[in-house]
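See below for the structure under consideration.
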Amino acid sequence: MRAFVDLLRWPVATLLGAAMCLGGIWFFSRKMLRRHAADIRTTWYFFFLIAIATFIAGRVCADAGLIDVKGEFQGAGGDMLNRTLKYVFALNEHLAASLGIVLLILGPQIGSYLLAGTLSGCAAPPRYSGMVVRFSLLLFAKSLVLAAGVLLGLGILGGASNWAGLSTRKIGGMLTLSLYLQLAAFYFLSARVEIDEISLSSQGAKPLSAAARLHRWMTRNLPA
């Protein structure tokens, strides 16, 4: 009886997880409709393009003997495929690279602003900060879409190829995780909208009084 309940439970959990991901994507997409509607279409396009390409490439590699019936890689070609997948799913490293770009470009400017302003009163605000952060968010979102598409393609490939040890529950988990990665990609893409709104609201509007007073003090020795 317990095994039967577990059998019924996994598709329910998979469907609930998928519904939650799609609901979150719908929410973040609403923020992007006004200025970044093309990004929504492009993100979904590459998600399915990568999934289909992964499935086709996987079938070709399986026919060539690079992937066995257990879904394990064989030979030098299989080792290359394994290394490629490890790179695709190395999301922590991709996030670190995106943050490193921000730190490399904006870190010295922020440090210069703080010390030049505090000690000498001749600070200059960081330049291109919005553009750098937007580029970093886009770069990491692309990594998430790539990983999501590959995971979807592998899940479908494993199910169609009847890989040994890959149960229906695991396939459902792979498909749900793929949607979670896609949800995270839409979150980072929608964060660019927030940056755009902050940038636009600052144009032609007076900055906050506390920030204005601080900036005047940091540039106190510059010519008016």
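The values are calculated or read from the model by the stated rules, or taken from the named source; none is laboratory data. Computed from a predicted model, the values in this text were never measured in an experiment. Neighbour counts run over all protein chains shown; Cβ positions are idealised from the backbone, glycine included. Quick note on the areas: whole protein, heavy atoms, side chains included, nothing else; ligands and nucleic acids left out. Shrake-Rupley method; radii C 1.70, N 1.55, O 1.52, S 1.80 Å.
With the Kirkwood sum run over all distinct C-alpha pairs, the chain has a hydrodynamic radius of 20.8 Å.
Entry comment: accessible area of the chain is 63 Å² per residue, from protein heavy atoms only and a probe of 1.4 Å. Every helix of 4 or more DSSP H residues in the chain counts as -39500 (n - 2.57), and over all residues that averages to -29000 deg cm²/dmol at 222 nm. Ranking S98, G111, L81 by how far each Cα lies toward the positive end of the dipole of the range 63-148 (charges on Cβ) leaves G111 at the top.
Taking each of K31/K170; K31/K86; K86/K142 in turn, the alpha-carbon distance tops 28 angstrom for K31/K170; K31/K86. So if we plug the beta-carbon distance of K86 and R30 into 1/(1 + (r/R0)^6) with R0 = 41 Å, what FRET efficiency do we get, rounded to 0.05? Result of the calculation: an efficiency of 0.70. Axis of helix 91-115 versus longest Cα principal axis of the chain: the two differ by about 0°, to the nearest ten degrees. Computed over protein heavy atoms with a 1.4 Å probe, the carbon and sulfur contribution to the accessible area of the chain reaches 69%. Paramagnetic label reach from S112 (point 7 Å along Cα→Cβ; backbone nitrogen cut-off under 13 Å): within the range 123-142, residues 123-129.
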